[in-house]
Amino acid sequence: MYRKDETPVWMERTQSLLQALKKGIESSKIEEVRAVLRFHEHRYYIMSDPLVSDFEYDQLFKALEKIEKENPNLITPDSPTQRVAYELTKEFPTVQHLVPMLSLDNSYNAEDLLDFDRKVRELAGLAPISYCVEPKFDGGSISLIYENDKLVRAATRGDGVAGDEVTTNIRQIHSVPLSAPFSKFGIQQAEIRGEVLMNKENFSRYNQSLTAQGLAPLANPRNAATGTLRLKDPREVVKRNLEVFVYHLSYFSLQQEEQSPAAVQSHASTLELLWDLGFRSPAREKKVFNTIQEVIEYCSTFEVIRDTLPYEIDGMVIKVNEVALQDKLGMTSHHPRWAVAFKFKARQATTQLIGIEFQVGRTGAVTPVAKLEPVAVGGVMVSSISVHNQEYIAEKDLRIGDHVLIERAGDVIPQIVKSLTEVRTGQEKQIQFPMSCPVCASKLYKEEEEAVWRCINIECPAQVIERIIHFVSKDALDIRGFGEANVRKFVELGLLRDIPGIYTLDFTQLASLEGFGKKSIENLQQAIELSKNQPLHRLIYALGIRYVGETTARTLANAVNHLLDFQSYSEEQLQQLEDVGVKVAGSIYEFFKNADNISMLHDLEKLGLTLRNEKKDTPATGNLSGKTFLFTGTLSTLKRSEAEEMVRANGGQVVSGVSAKLNYLVAGEEAGSKLEKAKKIPSIHIINEQEFINLLGE
Ligand code: IVH
């Protein structure tokens, strides 16, 4: 759609609009603004190669909104502003697909593929055959209908004949063009099939936000994507950042009695055509082969790189490339005979739920953990899985003795997908949630709007241990050599009772313990000593105040000169701070109202910890000022946390994921998916550790 040699012209058009912004852009320029915005959306969402900053894009977008506000008659449904919908969806009406959405036949190994090839050749006769191979995206399938170049309808697969109309929600997805120049190819109406998915990074962020709210995370990105399509509020859909890949032109009609475009004669060139029309198709990932042997090899190569992709795939799809031959081969009622899915090794497995254990966390939350008959899933043995809370157990109808389907999606923590109720024997037992704490036996409480039961005895040994483990952990005070096992051991032996106790440990007593040599005691002593000078934000994070993560801890540290200043803060004052909402403010307020907490802070100060904010984060000074950094892989001379500190100390910012906003990716040994992703975004500078150090010195 956008030819490479035209890029300079697009940039000139962008510059002249940006310059016109000062005086205000005239309404006669409205189509020009839209065209330029569409060009940059394509660079960002389809090519992952933006050419303007988010700020510049936003300014042009706002200019368009202004013109449209002043001239409502000029609004068109495919204007970039029109993705945003303000009304709630009442229902998702059932609509018929133009062509039934068939499924695919599955294959699991080389033999199955040889079989497929044999059948195709039998039916094809003497016609030459090539195969187009592409990823099998693991999301939810959708169909998109374009008429006269405009997106007019989007629907889910449903039963294959009719699905749910989800046009408004699909319009929130930026990789779906609201208009595409089909008419250039003589096409009047087209039905396209594709897959809607949530990429791994957005999925793990989404799951983190669910767990932070005390909600159960989702088992896999597929459920996250399909669930999002069913949301009634389109504004929520925007926030979830879904993506769409399209892979099939299932139907088209021509404007006049013209010839079909040459591009649709093969599947590979159809994928190119869809790419040229502005869609995200697997045009770059696909490959065409003449022999099934080569197909088999390509499938196994992809299985190896599967985990480095930014999104989940569950296999490859092999399609006969010649469309005339596809027509000849036809289909069964279930699947086309010209295509087959090659499924990768399952990341799902079934096993038996043999018991439930209740664990008490740092905040007293009681989490049920399912004990399973050990089973391998995606190369990892799994023998226990968190089942989150009572509601979750009820929703999934889990019982002890049940056979359950479990899944480990990519690098995600395993989850139970469902219990296999069909194979119950009647001997399965209901899961009884305890009324009292399994560790200290005090009564459990549950707040009305929450799903979790809590032990509110802050002296509960389980909580004490978990709080100390958190306090010494890597992202908190980072006391090397302490670790979970030692915390448990010291508490059990009565050598450690609370957080201040870390700083009064009796090292001579430790020397009598098995496994504690002179050297390890010296190291531990030194690490404890060093932790006293950790910056205030780390201490705040280490305290484990509910809802206070690392980012909020930084905000809090920057707001005061001394940690105890928070004693005089009201909830309203706390809410003034960035990203501190009602719930977070309430929790911080309660923490500083609690006399035991205050006395612990006084003790820590007396023991030599820094409660004073000695160097407030002063952003935007230094030679990394305004630049964003991300570290991946293992660094050889610096610790990750040291390197990140250096970035901040020099005015830079450390970000959590690879996106067009990232300026530098510092890649160490064995860098994985982040590096692969960054390679696809040309604006990111990929540097090694030494180059990073050089940058600091410049
Ligand atoms: S082709 C007639 N290509 O896999 C065309 N399907 O298990 C049939 N899928 O329902 C579909 N990636 O939702 C095709 N590259 C791809 C695909 C793909 C994912 C999904 C699709 C289909 C399911 C079958």
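Structure above, values below:
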{"item": "Helix runs (DSSP H) in the chain reaching 27 Å along axis by Cα, Kyte-Doolittle at least -1.0", "result": "none"}
{"item": "Formal net charge of residues neighbouring residue 271 (Cβ-Cβ distance under 13 Å; K, R +1; D, E -1)", "result": "+2"}
{"item": "Overall Cα dimensions of the range 1-61, principal axis frame, Å, largest first", "result": "31, 21, 16"}
{"item": "Accessible surface, per residue, of the range 72-136 when the full set of protein chains is kept, probe 1.4 Å, Å²", "result": "59"}
{"item": "Where only C-alpha atoms are counted, convex hull volume of the range 465-592 per residue in Å³", "result": "99"}
{"item": "Accessible area of the range 498-550 belonging to carbon and sulfur atoms, whole % at 1.4 Å probe", "result": "48"}
{"item": "Phi to ³J(HN,Hα) by Karplus 6.51 cos²θ - 1.76 cosθ + 1.60 over the range 132-140, Hz, x for Gly, Pro", "result": "9, 10, 8, x, 9, 6, 9, x, x"}
{"item": "Stretch gain in nm, segment residue 516-residue 303, where the contour uses 0.36 nm per residue and the Cα spacing is subtracted", "result": "72.2 nm"}
{"item": "Charge sum, other residues only, whose C-beta stays under 11 Å from residue 301's C-beta, Lys/Arg counted +1 and Asp/Glu -1", "result": "-1"}
{"item": "The chain - mean residue ellipticity at 222 nm from DSSP helices (-39,500 (n - 2.57) per run, n ≥ 4, rounded to 500)", "result": "-10000 deg cm²/dmol"}
{"item": "Relative contact order %, the range 427-518, counting alpha carbon pairs below 8 Å whose residues are six or more apart", "result": "14"}
{"item": "Amide H contacts under 5 Å for residue 254, placed H, 5+ residues apart", "result": "188"}
{"item": "DSSP-assigned coil residues among trypsin sites (Lys or Arg not before Pro) in the range 339-370, each with at most 16 further Cβ atoms within 10 Å", "result": "345"}
{"item": "Extension gain from residue 258 to residue 596, taking 0.36 nm per residue of separation minus the Cα-Cα distance", "result": "113.5 nm"}
{"item": "Accessible surface of the range 94-228 [probe 1.4 Å, protein heavy atoms]: carbon and sulfur percent", "result": "51"}
{"item": "Model label zone, residue 9; criterion: amide N under 19 Å from point 7 Å along Cα-to-beta-carbon; scope the range 178-202", "result": "180-185"}
{"item": "For the range 91-102, Karplus couplings with θ = phi - 60° (6.51, -1.76, 1.60), whole Hz, Gly/Pro x", "result": "8, 10, x, 7, 10, 7, 6, 5, 10, x, 8, 7"}
{"item": "Long-range HN-HN contacts of residue 417 with modeled amide H, under 5 Å", "result": "405, 406, 407"}
{"item": "Rounded percent of accessible protein surface that carbon and sulfur make up, the range 566-618, 1.4 Å probe", "result": "46"}
{"item": "Hull-based mean projected area of the chain, where the convex hull spans the alpha carbons, in square nanometres", "result": "37.4"}
{"item": "Per-pair calculated FRET efficiency, R0 = 35 Å: residue 451 and residue 239 via Cβ, rounded to 0.05", "result": "0.95"}
{"item": "Inter-part distance where the range 167-200 and the range 414-484 are each reduced to a Cα centre, Å", "result": "45"}
{"item": "Loop-located chymotrypsin sites (Phe, Trp or Tyr not before Pro) in the range 50-148 whose Cβ has at most 11 other Cβ within 10 Å (DSSP)", "result": "86"}
{"item": "Relative contact order (%) - criterion: Cα under 8 Å, at least six apart; region: the chain", "result": "10"}
{"item": "DSSP-assigned coil residues among trypsin sites (Lys or Arg not before Pro) in the range 267-323, each with at most 14 further Cβ atoms within 10 Å", "result": "284"}
{"item": "Stretchable slack from residue 265 to residue 291, in nm (0.36 nm times residue separation minus alpha-carbon distance)", "result": "7.4 nm"}
{"item": "Distant-in-sequence amide H partners of residue 686 (H built 1.01 Å from N, under 5 Å)", "result": "665"}
{"item": "The range 147-294, accessible area per residue, ligands and nucleic acids excluded (1.4 Å, Å²)", "result": "41"}
{"item": "Under Karplus coefficients 6.51, -1.76 and 1.60, residue-wise ³J(HN,Hα) of the range 493-507 in Hz, glycine/proline x", "result": "7, x, 8, 9, 10, 7, 4, x, x, 4, 8, 10, 4, 8, 5"}
{"item": "Per residue accessible area of the range 557-605, 1.4 Å probe, in Å²", "result": "52"}
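The values are calculated or read from the model by the stated rules, or taken from the named source; none is laboratory data. What you see is a predicted model; the values in this text were computed from it and never measured. Methodologically, a virtual Cβ is constructed for each residue, glycine included, from the backbone with ideal geometry; neighbour enumeration extends over all protein chains shown. Surface areas here come from the heavy atoms of the whole protein model, side chains and all, with no ligands, DNA or RNA. Shrake-Rupley method; radii C 1.70, N 1.55, O 1.52, S 1.80 Å.
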